[in-house]
Amino acid sequence: MRASKQFTPIELDPENWAITKLHKEQKYFLEEVAQKSFESLRTRYTTEADLYRLLEQTTSRELTRITSDPWKSDPKDDRLFWENMASSIQTDIAPSSLLKNIIARYLDEIRSDFSVKHYQLIAKSVQCILVNLLKPKCFGFGGKGERWTRRTKRLHEKFHITGAVDTLRALAKQGTIVLVPTHTSNWDSIIIGLAMQQLGIPPLSWGTGLNLFNNKGFRYIFSKLGTYKVDRRKKTIPYLQTQKDYACLALTWNCHTLFYPAGTRSRSGAIESDLKLGLLGTLFEAQAKNFEKYGTNAKKLFIVPIVLNYHCVLEAQQLIYESDLYEQTATVIKDNCCNKLVLSKNFLFKGSEIFINIGVPLDVMGNIVDENGNSYDNQSNKLDLYKQWRQLSEQTGIEKRNDYVNILSHKIVQSYYKNNMVLSSHLVAFVAYELAKTTEGFSMHLKKMALNHTTFMTALAVTYKKLRMHYGQEKIALTPLLMDGQLDAIVADGLLKLGIYHDTPPLTIDKNGDVLIQDIWTLLYYHNRLTGYELE
């Protein structure tokens, strides 16, 4: 199904949103997180000697981080706190007390704030900005008919939400939704947030990289959206435990949540296949806590895979240079891509599209879920999730839990590939790069390369035929343009929109009518969206 309208909110009163309730009771929530983290760490570090070693290791790593990699968003008293902690470890202060101080410190850094007014302001602003970026002719440059088209209609023309829309809305009324999208851009969370607002889903809780708070604009946007902070520089055991428990308990408070199971943006541009099992284990733990507390009446967690696709990823050039595919890491682009692009005329005169494809929801054990919240196995047999959970004995519980987490990870990746929406831009990028590789004298250091137009169209026809076969087997998704099958129209659209906001588009048509590669590395980035389907 495609969402071609703005849905009525599932819960009209913001006071009844789970995220509003959590932040009204934030003091008690944070106390619960602190207690859980402390107990978990004390279970792992039982003796005072073990605890002292943990404290010393944590303090040493934090002081090293402060010296080697300071950020603007770091607390002003960062060094002072950890130097005082280092001194306190040498005194007779109880290590348990010091551990509680560290957990409290981390919680203060991680915790989020939420304001209904701020959320509503940002939602309206983002919608307005996206409308005018995706369809700029309406921003004073088109005819009157285009310019004054209703904003919501213009958004739906370029902001495509497809897939299990009705199921998602139905499940949001019954339990806790956990969105697990692919991760491409720093804008993904905002895009997902807007998509959910269009579907009438209450605001989400999610973790935002602390690095974004170095930017004043992002810091303002995320300051009161219920986004807790994730500092990927910090690898200390107390920090990771506190962060994990914060996310876990937010789920038990029934906050709809956004998780990026790959952990970070895809540097290569490819669909993610290596997911963080620790993050997915948090979902299993939250469901277990609900079952332990409420039994058969416990609310379920519904895991919803989502695939995001863009014709242009603003950070594409930076990301591919940061990937394992790029050898010369010393020459990473350091320019602020977004600042350059905001000034670019491309933003004012060129439009694009965004595709959000919602997969079939799953439960924490990887079973398919219908719109009534019922779970089904691979043979479509109805399951009792609570009974299935109870069958995990204490002897095999951890091992079995890991098995189910692996199953869930596998099912999410399967959904990613199945619901990956092939864009015209990705198709032309894939064919161009694959053709370039077979050309004599090919090198990733070449600045430009021309491909014969006839050869290009022949190769594209072969690739398109394979894609249609995959589509018929429900292994991939196609946009309406690709479904029409007019190859000339697909190529024209793909060349027009591929990297449309970049200063130099990866592909263009030269004066001889041939396909000209202008940026081989950026082309590779967009090409990679179709790897993993044996199209080569």
So, of the residues in region 510-536 that are outside any helix (DSSP H, G or I) and hydroxyl-bearing (Ser, Thr, Tyr), which turns out to be surrounded by the most Cβ atoms within 10 Å (Cβ to Cβ)?
TYR533
Residues to consider are ARG169, ARG154; find the one that is at pLDDT 85 or above, in a helix (DSSP H, G or I) and either in contact with a Leu (Cβ under 9 Å, 6 or more places away or on another chain) or of a type outside the set (A, V, I, L, M, F, W, C) (or both).
ARG169
Residue count, region 379-412 (criterion: modelled with pLDDT of 95 or more and over 26 Å from LYS299 (Cβ atoms)):
0
Restricting attention to region 221-228, does a residue exist that is surrounded by fewer than 20 Cβ atoms within 10 Å (Cβ to Cβ) and in contact with an Asp or Glu (Cβ under 9 Å, 6 or more places away or on another chain)?
yes
Is region 435-448 home to any residue that is surrounded by 19 or more Cβ atoms within 10 Å (Cβ to Cβ), touching a residue at least 24 places away in the same chain (Cβ under 8 Å) and either among the small types (Gly, Ala, Ser) or within 28 Å of VAL307 (Cβ to Cβ) (or both)?
yes
Of the residues in region 486-509, those that are assigned to a loop (DSSP other than H, G, I, E, B), at pLDDT 95 or above and surrounded by fewer than 22 Cβ atoms within 10 Å (Cβ to Cβ) come to GLN486
Reported set for region 81-121 where residues are among the hydrophobic types (A, V, I, L, M, F, W, C) and over 29 Å from GLY209 (Cα atoms) is ILE89, ILE93, ALA94
For THR43, indicate whether it is closer than 21 Å to ILE89 by Cα and polar (S, T, N, Q).
yes
Subset of region 190-208 that is in contact with a His (Cβ under 9 Å, 6 or more places away or on another chain) and assigned to a helix (DSSP H, G or I) - its residue that is farthest from ASP363 (Cα to Cα)
GLN198
Is it fair to say ASP493 is under 17 Å from ALA432 (Cα atoms), under 27 Å from the mean Cα position of the chain (by Cα) and charged (D, E, K, R)?
yes
Residue that is farthest from the chain's Cα centre (by Cα), among those in region 222-243 that are closer than 26 Å to HIS118 by Cα and aliphatic (A, V, I, L, M):
LEU225
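The values are calculated or read from the model by the stated rules, or taken from the named source; none is laboratory data. Given the structure is predicted, the values throughout are model-derived calculations rather than measurements. As a convention, Cβ positions derive from the backbone with ideal geometry for all residues, glycine included, and neighbour counts pool all protein chains shown.
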